[in-house]
Each structure stands twice: as structure tokens, then as C-alpha cells.
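To start, the structure itself, in C-alpha cells.
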Amino acid sequence: MSKRRTLVAGNWKMNGSRAESAALVGAVKRGVGAGVKAEVAICPPFILIPFAAETLAGSPVAWGGQNLSIHKSGAYTGEISGPMLRDFGCSYAIVGHSERRAYYGEDDQVVAQKFGAAQAAGLIPILCVGETLAEREAGTTEAVVARSLDAVLAAHGIAAFKHAVIAYEPVWAIGTGKTATPQQAQAVHAFIRGRLAALDQAVAGGVRILYGGSVKGANAKELFGQADIDGGLIGGASLNAEEFLSICRAAD
Ligand code: 13P
């Protein structure tokens with residue numbers, strides 16, 4: 001099977017003033033328009049999404065939310081729903097990021113609900129999975145990743161992965177400058193694809209599995225060259241237009 005089209009998604013996390021965001025979105029739009037072949041998306045903080053939508057409309061750069069509510073609407077103070085994100089032109093919503101799991105108590109069941117809420121609104125969920133350092137050292141990486149995948153499979157079935165992206169983000173590699181080696185990442189990506197392939201070969205073959213965790217221009221090419229790595233979910237480096245664009249170009 002030919003390699004799936006690479007997706008490079010920038011997760012800005014809770015960063016960016018209006019002025020910084022204007023400069024960043026503009027530079028990414030120009031750089032991607034100048035001939036990046038990979039699909040590119042940015043996920044700014046909610047409050048900056050209307051601005052991103054206005055700037056990026058008609059460009060090849062897509063945008064998405066970093067999170068969403070499990071509910072469609074109603075008395076859920078402080079929450080943002082899938083239909084609201086879709087209304088502002090979002091294509092994607094990140095679900096189950098390790099920071100949501102660690103700081104906001106989102107477990108695999110909540111994440112599975114968010115995955116379903118995203119799809120119900122016409123968004124493509126980017127489902128994040130990954131182990132902590134203690135879990136890796138205890139040899140439980142595959143068990144942790146399997147548990148997160150299985151919660152979504154139990155709730156929504158294998159067919160739901162026709163319209164989803166998975167991101168393998170080892171917690172120990174996020175924001176630490178410590179990247180998984182291409183071989184370490186590939187091993188987990190192959191495990192993820194294999195687990196889906198046991199249920200449906202075609203779905204497993206088509207789903208994009210991104211790597212996230214200290215990806216930079218300098219290490220992106222080797223990571224993206226692995227058979228089961230179909231792009232990246234980029235944190236810190238997505239806040240610097242030149243660095244982010246060099247990662248996008250490494251995917252070509
Ligand atoms: P860093 O690229 O800053 O390590 O963050 C990765 C990440 O969490 C993307 O969602």
C-alpha cells in the first residue's frame with residue numbers, strides 16, 4: 001500500500017497573544033501555500049479559532065480545536081462543543097491529549113465520549129495515546145496504549161477509525177526535548193496499526209498515526225520516514241513559523 005498522505009498538526013496549547021497569533025498564522029499560511037505537500041493543520045486556543053478561520057479560509061491549511069465538550073449544547077459553563085467548532089470551520093478536534101488526561105482527570109471513557117462527540121459534529125478526532133516514563137520502564141507501554149484504543153473501539157467500533165487520526169505521544173517526550181527514537185516510535189505505531197488490523201485490515205491500513213513529542217525540523221524527516229509514522233502532532237515547535245514549516249517540508 002502506498003504511504004498515507006502525511007498530516008502535520010500544530011498544537012499551540014495555551015499560548016499566543018492576538019498579535020503573535022496573527023504573525024504565526026500568516027506566516028504558516030504563506031509558507032504552506034508556497035508548496036508544502038503534506039496536509040497541515042493548526043489547533044490554536046479556542047478564543048483564537050475565529051481569527052484562524054478568517055485568515056485561513058480558502059487556504060490549504062486546516063484548523064481544529066484542542067479539546068471539546070462531550071455535550072452538544074446546554075448548561076455546561078466554560079465548555080465548547082463540537083457543533084460550535086464545526087460552525088467556525090474546524091476540521092479536527094484533539095481528544096485525550098496527555099495534559100487533559102493528567103490535569104483535568106479525563107480517563108479513557110471520557111476520551112471515548114469526546115471522540116464520539118467530535119465525529120457526531122462532523123469533526124475528525126485526533127485521538128492521543130501514550131505512556132508515561134514509569135509505564136515505559138515498567139514495560140507496560142503496549143498495555144496502556146491498547147487500553148486507550150480499546151475504550152474507543154468498545155464505544156464506537158472499528159469503522160469509526162475510517163474518519164479519525166491517532167497520535168502516539170509518549171508523555172516522557174512531550175515538551176522535554178527528549179524524542180522517542182524513530183525505532184521506538186515505529187514499534188508503537190506498528191503495534192497500534194496491528195491492533196486495528198486484527199479487526200479490519202483496510203481501516204488499519206488507511207488510518208493516519210502521527211507521532212508527537214519534541215518533534216523539530218532536525219528530527220522530523222527520520223521520524224516521518226518510518227513505515228507507520230504518517231506525520232506529527234507538534235507542540236512547542238509549532239509556535240515558531242520557520243521551525244513548523246521546516247517540519248512540514250520534512251514530510252514531503
Ligand atoms: P512538544 O512538541 O512540545 O513536545 O509537544 C507535543 C505535544 O504535546 C503535541 O500535542
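Read-outs: derived from the displayed coordinates by stated rules, not from any lab. Computed from a predicted model, the values in this text were never measured in an experiment. Here the Cβ is made from the backbone with ideal geometry for all residues, glycine too, and neighbour counts use every protein chain on show.
Relative contact order, whole percent, for the stretch 1-92 stands at 27, derived from Cα pairs under 8 Å and 6 or more residues apart. As a proxy for reagent exposure, T181, T140 were ordered by neighbouring Cβ count within 10 angstrom, fewest first; the result is T181, T140.
Do you know the relative contact order of the chain, to the nearest whole percent, from alpha carbon pairs under 8 angstrom that are 6+ apart? Don't jump to the answer; show the numbers that get you there.
Working: 485 pairs, mean separation 55.3, N = 252.
Over the chain, the number comes to 22 percent.
How big is the antiparallel share of DSSP beta bridges in the stretch 1-121, given as a percent to the nearest 5? Provide the component values of the computation, followed by the final result.
Details: 0 of 10 bridges.
The answer is about 0 percent antiparallel.
Whole-Hz Karplus values for the stretch 150-161 come out as 5, 5, 6, 4, 5, 7, 10, x, 5, 4, 4, 7 Hz, taken residue by residue from phi with 6.51 cos²θ - 1.76 cosθ + 1.60 and θ = phi - 60°; glycine and proline positions read x. Kindly state, to the nearest 0.05, the FRET efficiency for D150 paired with T77, given R0 = 45 Å and r defined as their beta-carbon distance. Efficiency computed from Cβ-Cβ geometry: 0.90. From the square roots a ≥ b ≥ c of the eigenvalues of the alpha-carbon gyration tensor of the stretch 84-229, which class results: rounded (a/c under 1.5), prolate (a/b over b/c), or oblate? Judged from the Cα gyration tensor, the stretch 84-229 comes out rounded (a/c under 1.5). Applying D = kT/(6 pi eta Rh) to the chain, where Rh is the Kirkwood radius over alpha-carbon pairs, T corresponds to 4 °C and eta to 1.567 mPa s, the Stokes-Einstein value obtained is 72 µm²/s.
So which chymotrypsin sites (Phe, Trp or Tyr not before Pro) in the stretch 35-123 end up in coil per DSSP with only 14 or fewer other C-beta atoms within 10 Å?
Y76, Y104
When only the Cβ of Lys, Arg, Asp and Glu is charged (+1, +1, -1, -1), the dipole of the stretch 1-145 relative to its Cα centre reaches about 640 debye.
With point charges of +1 on the Cβ of Lys and Arg and -1 on the Cβ of Asp and Glu, referenced to the Cα centre of the stretch 1-146, which listed residue (I80, L127, F51) lies farthest in the positive direction of the dipole? Looking along the dipole axis, the top candidate is F51. Our note on the geometry: Cα centres of the stretch 20-93 and the stretch 152-231, 22 Å apart. Each residue, N240 and A57, gets one label point 7 Å from its Cα in the Cβ direction; the gap between the two is 3.3 nm. Residues of the stretch 213-252 with the amide nitrogen closer than 19 Å to a label point 7 Å from the Cα of R30, along Cα-to-Cβ, please. Residues 238-249 qualify, since their backbone N sits under 19 Å from the label point.
If the only charges are +1 at each Lys and Arg Cβ and -1 at each Asp and Glu Cβ, what is the size of the charge dipole of the stretch 73-131 around the Cα centre, to the nearest 20 debye? Numbers along the way, then the final one.
On the way: 4 positive and 7 negative charges, 35 e Å.
About 160 debye.
Amide H contacts of A93: G65, I124, I126, each under 5 Å away and 5 or more positions distant or on a separate chain (H built 1.01 Å from N in the peptide plane; Pro and chain starts excluded).
Each of D228, D150 was scored by other Cβ atoms within 10 Å of its Cβ. Listed from fewest to most, they are D150, D228.
Starting from the Kirkwood radius over alpha-carbon pairs of the stretch 135-174, derive D by Stokes-Einstein at 10 °C in a medium of 1.306 mPa s and give it in µm² s⁻¹. It would help to have the intermediate numbers written out before the result.
Working: Rh = 11.4 Å.
Answer, rounded: 139 µm²/s.
Each residue of the stretch 149-192 gets 89 Å³ once the volume of the Cα convex hull is shared out per residue.
Annotation for the stretch 174-244: trypsin sites (Lys or Arg not before Pro) lying in DSSP loop with at most 13 further Cβ atoms inside 10 Å of their Cβ are K178. Local charge for S246 was computed over the other residues whose Cβ lies under 13 Å away, with Lys and Arg +1 and Asp and Glu -1, and equals 0.
Over the stretch 49-159, calculate the relative contact order: mean separation of alpha carbon pairs under 8 Å at least 6 apart, over the residue count, as a percent. Walk me through the numbers on the way to the answer.
Values: 144 pairs, mean separation 26.7, N = 111.
Value for the stretch 49-159: 24 percent.
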